[in-house]
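Asker: Quick one: the structure is below, and I'll ask about it shortly.
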Amino acid sequence: MGGFGIAEVSYFKRLSSSGNVGDAGKAVDLVGYSIKSGGTAAVVSFLNGQGLTAPLAWADQARAVSSEQTIGLAYRVRCDQGCYVSFDANTTAVTVFYQQMLT
């Protein structure tokens, strides 16, 4: 249970500003992410869709990260409409680890 099956591929994408991961409008399974900030409280949200108006799929707590910190999710988080990553000005970069169906 959980994944797409034999036709899924693992990817990563590093974002220096809020944006989409994966193919637009296609389901994405989040498996983890890495946060980099200047030591202030970094806040990251993952939205189920392609923009800031999409519904929330997963939000992290505020983290004071003076160097990069990687967070693995215990369970995949499915964004069935695509995935938009939103983060605040305290966050320098976010690397998203995800799986998506091959097409």
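Asker: Give me the pairs, please: first residue somewhere in segment 24-38 and over 17 Å from Val94 (Cβ atoms), second residue anywhere and modelled with pLDDT of 90 or more and assigned to a loop (DSSP other than H, G, I, E, B), beta-carbon distance under 8 Å, and either six or more positions apart or on two chains.
Answerer: Once the first residue is over 17 Å from Val94 (Cβ atoms) and sits in segment 24-38, its partners that are modelled with pLDDT of 90 or more and assigned to a loop (DSSP other than H, G, I, E, B) give Gly25/Gln81; Ala27/Gln81.
Asker: Sticking with this structure for a sec: Under 7 Å between Cβ atoms, which residue pairs at least 6 apart in sequence (or on different chains) link something in segment 89-103 that is farther than 13 Å from Cys79 by Cα with a partner that is small (Gly, Ala, Ser) and surrounded by 19 or more Cβ atoms within 10 Å (Cβ to Cβ)?
Answerer: Short answer, once both residue conditions are applied: Asn90/Ser37; Asn90/Ala42; Thr91/Ser37; Thr91/Ala42; Thr92/Ser37.
Asker: Filter segment 39-56 for residues that are more than 10 Å from Val85 (Cα to Cα) and surrounded by 12 or more Cβ atoms within 10 Å (Cβ to Cβ) and give the result.
Answerer: Thr40, Ala41, Ala42, Val43, Ala54
Asker: If you don't mind, there's one more thing I want to ask. How many residues, within segment 24-33, are surrounded by fewer than 18 Cβ atoms within 10 Å (Cβ to Cβ) and more than 9 Å from the chain's Cα centre (by Cα)?
Answerer: Residues meeting the conditions: 3.
Asker: Same structure again: Residues that are within 17 Å of Gly19 (Cβ to Cβ), at pLDDT 90 or above and surrounded by fewer than 15 Cβ atoms within 10 Å (Cβ to Cβ): does segment 58-74 have at least one?
Answerer: No, segment 58-74 contains no residue that is within 17 Å of Gly19 (Cβ to Cβ), at pLDDT 90 or above and surrounded by fewer than 15 Cβ atoms within 10 Å (Cβ to Cβ).
Asker: For residues that are surrounded by fewer than 18 Cβ atoms within 10 Å (Cβ to Cβ) and β-branched (Val, Ile, Thr), scanning just segment 78-103, find the one that is modelled with the highest pLDDT.
Answerer: If we take residues in segment 78-103 being surrounded by fewer than 18 Cβ atoms within 10 Å (Cβ to Cβ) and β-branched (Val, Ile, Thr), then Thr95 is modelled with the highest pLDDT.
The values are calculated or read from the model by the stated rules, or taken from the named source; none is laboratory data. Computed from a predicted model, the values in this text were never measured in an experiment. Cβ sites come from the backbone with ideal geometry, for glycine too, and all protein chains shown count toward neighbours.
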